[in-house]
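K.L.:
Got a structure for you, written out below as structure tokens; questions coming shortly.
The values are calculated or read from the model by the stated rules, or taken from the named source; none is laboratory data. Nothing here was measured: the structure is a model prediction, and the numbers come from that model. For neighbour counting, all protein chains shown are included, and Cβ atoms are generated from backbone atoms with ideal geometry for every residue, glycine included. For accessibility, only protein heavy atoms count, side chains too; no ligands or nucleic acids. Shrake-Rupley method; radii C 1.70, N 1.55, O 1.52, S 1.80 Å.
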Amino acid sequence: MTKFSQIASTPPTPPPRCSLVVLLLQAMLFAFFWSPVPHTHAAEVIAKVDEGTTNWVPPVADAGPTALLKPFVAPQMPWSAAHRGIDIRASTEQVLAPAAGEVTFVGQVVDRPVITIRHSNGLLSSFEPVDSDLEVGTVVASGEPLGKISAETGHCEVQCVHWGVRVPDGWQIGSTVRDLYIDPGFLLGWTEPSILWPVHSEPAS
């Protein structure tokens, strides 16, 4: 028969040891998602995209700064909510190329028709909702028609076009790269660059 003194003196069973591999994985995940990294000054980003961005024209004929319906709002992280472009009031349904480039995409994105062109400096411009008859690979000049604002899909309360500009793989986070969206209004001289762009590491070169 077991005596009470024997039971009382039995040490408690130690908790199971956590695997070294599990601890290492946890540490790596913590470092990847939570380690602070510095913002990059806007001037450093501008220097990488400024080449070839002079003499850009609005994608809507005769549009000026007063036609800006909704400004650019940069995301804090690639997956964060934001307004990755600008909405421009359109007095006509025709959408123009803001600079020379090559059509890289024409089609539906979710429920809206989109056209994308790649400019000589590598920037990508996307416009929605725009119906276009152009084919991928078509070279367009600055001011050349790209298509017409869709009558079936609205983006604003009034007729408008949404224009987004991004630097392919321009946002480096850890070992991954994502597209970096910039303010199209800056390319037109409508807006000033932000003091800080939400780049949580050096822009990918």
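K.L.:
Among the residues of region 84-103, is there at least one that is surrounded by fewer than 17 Cβ atoms within 10 Å (Cβ to Cβ) and free of Cβ contacts under 8 Å to residues at least 12 places away in the same chain?
P.N.:
Within region 84-103, not a single residue is surrounded by fewer than 17 Cβ atoms within 10 Å (Cβ to Cβ) and free of Cβ contacts under 8 Å to residues at least 12 places away in the same chain.
K.L.:
Right, next: From the list Gly143, Gly147, pick out the single residue that is under 19 Å from Trp56 (Cβ atoms), in a loop (DSSP other than H, G, I, E, B) and open to solvent by 10 Å² or more (accessible area, probe 1.4 Å).
P.N.:
Gly143
A quick yes/no check of all residues on (1) open to solvent by 50 Å² or more (accessible area, probe 1.4 Å); (2) within 18 Å of Pro59 (Cα to Cα); (3) out of contact with any helix residue (DSSP H, G or I) (no Cβ under 7 Å at 6 or more places or on another chain):
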| position | (1), (2), (3) |
| --- | --- |
| Val110 | yes, no, yes |
| Leu134 | no, yes, yes |
| His162 | no, yes, yes |
| Val165 | no, yes, no |
| Gly185 | no, yes, yes |
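K.L.:
Please go through region 43-70 and give me each residue that is at pLDDT 85 or above, in a loop (DSSP other than H, G, I, E, B) and surrounded by 14 or more Cβ atoms within 10 Å (Cβ to Cβ), ordered by number.
P.N.:
Trp56, Val57, Pro58, Pro59, Val60, Ala61, Ala63
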